[in-house]
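What follows is one structure encoded as structure tokens, with my remarks underneath.
The values are calculated or read from the model by the stated rules, or taken from the named source; none is laboratory data. A quick note: this is a predicted structure, and the numbers were derived from the prediction, not measured. Every residue, glycine as well, gets a Cβ built from its backbone with ideal geometry; the counts of neighbours run over all protein chains shown.
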Amino acid sequence: MKIAFHQPNYLPNLSFFHKLYSVDLFVIPTRLQFVRREWHNRAKIQGPDGDLLLSIPVVGSNRQSLCDAKFDESTKWQTKHRSSLEMCYRDCIGSDHFNKILEPYQRNQASAHLTDFTVELILILKDLLGVATPIVVDRDVGGKKQELLINLCEKYGATDYLSGLGGKHYMDEEYVRDIRAAGISHHFVDQNITAEYPYSSLHYICVDGIDFAREAIGVS
């Protein structure tokens with residue numbers, strides 16, 4: 001079984017779903033360190049005057065785990081983000097897929113946990129893009145570098161792991177050796193589509209259409 005994992009990014013880009021589509025099981029681990037100014041709580045869309053970063057305000061320490069991170073309920077960020085999305089993609093307002101994306105912003109959140117919100121959006125985008133790969137949200141497994149990878153593969157019975165091309169920056173000889181010693185095969189995704197499609201997946205769904213976005217990630 002081929003597996004991949006990735007942190008629960010906010011409105012992730014198409015490369016996230018390309019990797020998701022390429023495996024048998026996709027794991028979203030949340031017992032990882034929350035990092036500010038990363039994509040855990042930020043998304044890039046294209047505004048009328050250039051690139052626009054949507055940032056969810058998060059309370060607490062930089063040392064907290066993703067599973068513990070909560071957004072700042074004293075702010076009105078949901079309203080601001082919804083307004084920004086409507087401004088940038090006004091031609092999509094009223095469409096079924098845009099309404100689905102806006103639903104989590106329009107209701108009172110039952111949970112203030114960041115990952116609950118971002119995972120809900122990931123699942124909506126996954127369905128819109130027609131990706132059938134099952135997703136598991138793992139709140140227990142931890143570890144650093146190859147230890148995390150090996151622990152997740154062992155828990156879910158995976159024999160093959162798929163990395164994004166960004167892994168080439170930190171997967172040194174020791175990293176790869178430890179993975180192989182654990183009986184896990186390793187591969188990288190076949191192409192880097194982040195450079196070609198740098199914005200949130202929502203951007204391409206709204207601007208270019210769902211069929212275009214599906215084709216970009218390889219969904220037939």
* Under the condition of being at pLDDT below 95 and more than 14 Å from the chain's Cα centre (by Cα), which residue from segment 36-50 is surrounded by the most Cβ atoms within 10 Å (Cβ to Cβ)? -> Gln46
* Structure fact -> Scanning segment 182-200 residue by residue, those within 16 Å of Asn13 (Cα to Cα) and of a type outside the set (Phe, Trp, Tyr) turn out to be Val189, Gln191, Asn192, Ile193, Thr194, Ala195, Glu196, Pro198, Ser200
* Enumerate the strands (runs of 3 or more DSSP E) found wholly within segment 117-220, keeping only those where 3 or more residues are in contact with a Phe, Trp or Tyr (Cβ under 7 Å, 6 or more places away or on another chain) and of a type in the set (Gly, Ala, Ser). => none
* For segment 140-159, enumerate the residues that are surrounded by fewer than 14 Cβ atoms within 10 Å (Cβ to Cβ) and within 21 Å of Thr118 (Cα to Cα). => Asp140
* To do: May I ask you to say which residue of Ser74, Ser83 is under 27 Å from Leu32 (Cβ atoms) and over 20 Å from the mean Cα position of the chain (by Cα)?
  => Ser74
* Structure fact -> Taking segment 1-28 and the residues there that are aliphatic (A, V, I, L, M) and outside any strand (DSSP E or B), the one that is surrounded by the fewest Cβ atoms within 10 Å (Cβ to Cβ) would be Met1
* Asked: If you scan segment 70-89, which residues turn out to be assigned to a helix (DSSP H, G or I) and either in contact with a strand residue (DSSP E or B) (Cβ under 8 Å, 6 or more places away or on another chain) or modelled with pLDDT under 90 (or both)?
  -> Trp77, His81, Ser84, Leu85, Met87, Cys88
* Structure fact -> Taking segment 169-191 and keeping only residues that are surrounded by fewer than 13 Cβ atoms within 10 Å (Cβ to Cβ) and under 19 Å from the mean Cα position of the chain (by Cα), one is left with Asp190, Gln191
* Close pairs (6 angstrom Cβ cut-off, 6 or more residues apart or separate chains): basic (Lys, Arg) in segment 1-16, in a loop (DSSP other than H, G, I, E, B) anywhere -> Lys2/Val23; Lys2/Asp24
* Structure fact -> The correct count of residues that are part of a loop (DSSP other than H, G, I, E, B), in contact with a Cys (Cβ under 9 Å, 6 or more places away or on another chain) and polar (S, T, N, Q) in segment 29-69 is 1
* Within segment 100-113, identify whether any single residue is surrounded by fewer than 16 Cβ atoms within 10 Å (Cβ to Cβ), in contact (Cβ under 8 Å) with a residue 40 or more places away in the chain and not in a helix (DSSP H, G or I), and answer yes or no. => yes
